[in-house]
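> What follows is a structure written as structure tokens; I'll ask about it next.
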Amino acid sequence: MDWTIFQFLLPAIAAILIIAGIHAYLGLHVVERGVIFVDLSLAQIASLGAAIGVWQGFDPHDPAIYWISLAFTLIGALIFAVIKGQDANIPQEAIIGISYAVASAAVILAMSKATGEAEHLRNMLVGNILSVQWPDVWLTAAVYLAIGTFHWVFRTRFLEISIDPRGVAARGISVRFWDFLFYASFGFVVTRSVAIAGVLLVFCYLIVPSVGAMLYATGIGTRLAVGWAMGILVSVFGMYFSVLFDLPTGATIVCTFGLALALMAAVRPLVRRAQPAA
């Protein structure tokens, strides 16, 4: 193994580990809520904000792009919190899917009017994690630390609503208000992560570690630990393989996640048979 590669990748590895840490936690809530594609949808809505900003003449690296993306993401968070669809017997996942499809189409329309649209679309999808610098890493860490602290303070309420929203509503607690706080904080994370890693990789960080953890653990704490371990190991090896074989980094990490999940699923029956014997 060529350790000089890891020296070159240090800022990118640090950024990926920070992203993996908070997304593994948020993924637990997303899986419990059954809104698997909410991250992908919010990420696409954030991309729509960026696409409109580029269309209007802003440079893709202008800080204004981030704030436009964040504004769009918060609007999406408000929609997902308020429009649940139970009264009309419409699954919330259907609303999320529709939002994703419309946002994706709108991104294509906006970028068709912008110069260099193909490159902008590619960066939104797979990102360019290798270009991240230490100031970006420290800023991302500070933002996620603040959001992580917020979720730690209200962890019991968020977990209750993720597991049993009807029971919480029966106690007179406003589920929509807490849902908005959850999705809004989620939106801050997604907007920042998409700008660094791209839509596809952010979606993988949210869902794959949580699903992998569910194969081996039932408790929230254990699932979170397994998800963190999986996210860290897959990120490092995926990034290493991308540089070693000169492959696109985001796509390589996504494929490495897929292979790791398939391997964990294949090994699970062996582990389950070994447990009674132990």
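> Here is a list: Gly212, Gly198, Gly221, Gly187. Which entry is within 13 Å of His29 (Cα to Cα) and small (Gly, Ala, Ser)? It would help to see each step written out before you state the result.
Numbers: Gly212 fails: within 13 Å of His29 (Cα to Cα); Gly198 fails: within 13 Å of His29 (Cα to Cα); Gly187 fails: within 13 Å of His29 (Cα to Cα).
It is Gly221.
> With the checklist (1) assigned to a helix (DSSP H, G or I); (2) at pLDDT below 90 in hand, flag the one item Asp246 doesn't pass.
For Asp246, the exception is condition (1).
> Scanning for something within 25 Å of Ala251 (Cβ to Cβ), touching a Leu at 6+ places or on another chain (Cβ under 8 Å) and at pLDDT 85 or above, does segment 138-147 turn up at least one residue?
No, every residue in segment 138-147 fails to be within 25 Å of Ala251 (Cβ to Cβ), touching a Leu at 6+ places or on another chain (Cβ under 8 Å) and at pLDDT 85 or above.
> Phe58 versus (1) without any contact (Cβ under 8 Å) to a residue 12 or more places away in the chain; (2) assigned to a helix (DSSP H, G or I): which is the lone unmet condition?
Status for Phe58: all satisfied but (2).
> So, restricting to helices (runs of 4 or more DSSP H) that lie completely within segment 140-230, which ones have at least 1 residues that are in contact with a Pro (Cβ under 9 Å, 6 or more places away or on another chain), at negative phi and among the charged types (D, E, K, R)?
Values: elements: 155-163, 165-170, 175-197, 199-214.
Ranges flagged: 175-197.
> Take the conditions surrounded by 14 or more Cβ atoms within 10 Å (Cβ to Cβ) and out of contact with any Cys (no Cβ under 7 Å at 6 or more places or on another chain) and apply them to Leu145. Does it pass? Outline the logic, then answer.
Values: surrounded by 14 or more Cβ atoms within 10 Å (Cβ to Cβ): no; out of contact with any Cys (no Cβ under 7 Å at 6 or more places or on another chain): yes.
Spelling it out, it is not the case that Leu145 is surrounded by 14 or more Cβ atoms within 10 Å (Cβ to Cβ) and out of contact with any Cys (no Cβ under 7 Å at 6 or more places or on another chain).
> Filter segment 243-278 for residues that are polar (S, T, N, Q) and free of Cβ contacts under 8 Å to residues at least 60 places away in the same chain; which is surrounded by the fewest Cβ atoms within 10 Å (Cβ to Cβ)?
Start the filter on segment 243-278 by keeping residues that are polar (S, T, N, Q), which leaves 249, 252, 256, 275.
Now restrict to residues that are free of Cβ contacts under 8 Å to residues at least 60 places away in the same chain: 252, 256, 275.
Details: Thr252: 21, Thr256: 22, Gln275: 8.
Filtering first and then ranking leaves Gln275.
> Show the residue pairs meeting these rules: Cβ distance below 7 Å; 6+ apart or different chains; first residue within segment 97-111 and of a type outside the set (D, E, K, R); second residue surrounded by fewer than 22 Cβ atoms within 10 Å (Cβ to Cβ) and not in a helix (DSSP H, G or I).
Cβ pairs passing all conditions: Gly97/Phe37; Tyr100/Phe37.
> Taking the conditions exactly as written (at pLDDT 70 or above, exposed (fewer than 15 other Cβ atoms within 10 Å of the Cβ), assigned to a helix (DSSP H, G or I) and among the small types (Gly, Ala, Ser)), does Ala94 satisfy them or not? Give the steps one after another, and end with the answer.
Working: at pLDDT 70 or above: yes; exposed (fewer than 15 other Cβ atoms within 10 Å of the Cβ): yes; assigned to a helix (DSSP H, G or I): yes; among the small types (Gly, Ala, Ser): yes.
Spelling it out, Ala94 is indeed at pLDDT 70 or above, exposed (fewer than 15 other Cβ atoms within 10 Å of the Cβ), assigned to a helix (DSSP H, G or I) and among the small types (Gly, Ala, Ser).
> Can you tell me how many residues within segment 163-198 are within 23 Å of Ala14 (Cα to Cα) and either surrounded by fewer than 24 Cβ atoms within 10 Å (Cβ to Cβ) or without any contact (Cβ under 8 Å) to a residue 40 or more places away in the chain (or both)?
Quick first cut of segment 163-198, residues within 23 Å of Ala14 (Cα to Cα) only: 185-198.
With either surrounded by fewer than 24 Cβ atoms within 10 Å (Cβ to Cβ) or without any contact (Cβ under 8 Å) to a residue 40 or more places away in the chain (or both) added as a condition, the list becomes 185, 188, 196.
Final tally of qualifying residues: 3.
The values are calculated or read from the model by the stated rules, or taken from the named source; none is laboratory data. Predicted model, so just to flag it, every value in this text is computed and none were measured. Cβ coordinates were reconstructed from backbone atoms using ideal geometry, including for glycine residues, and neighbour counts include every protein chain displayed.
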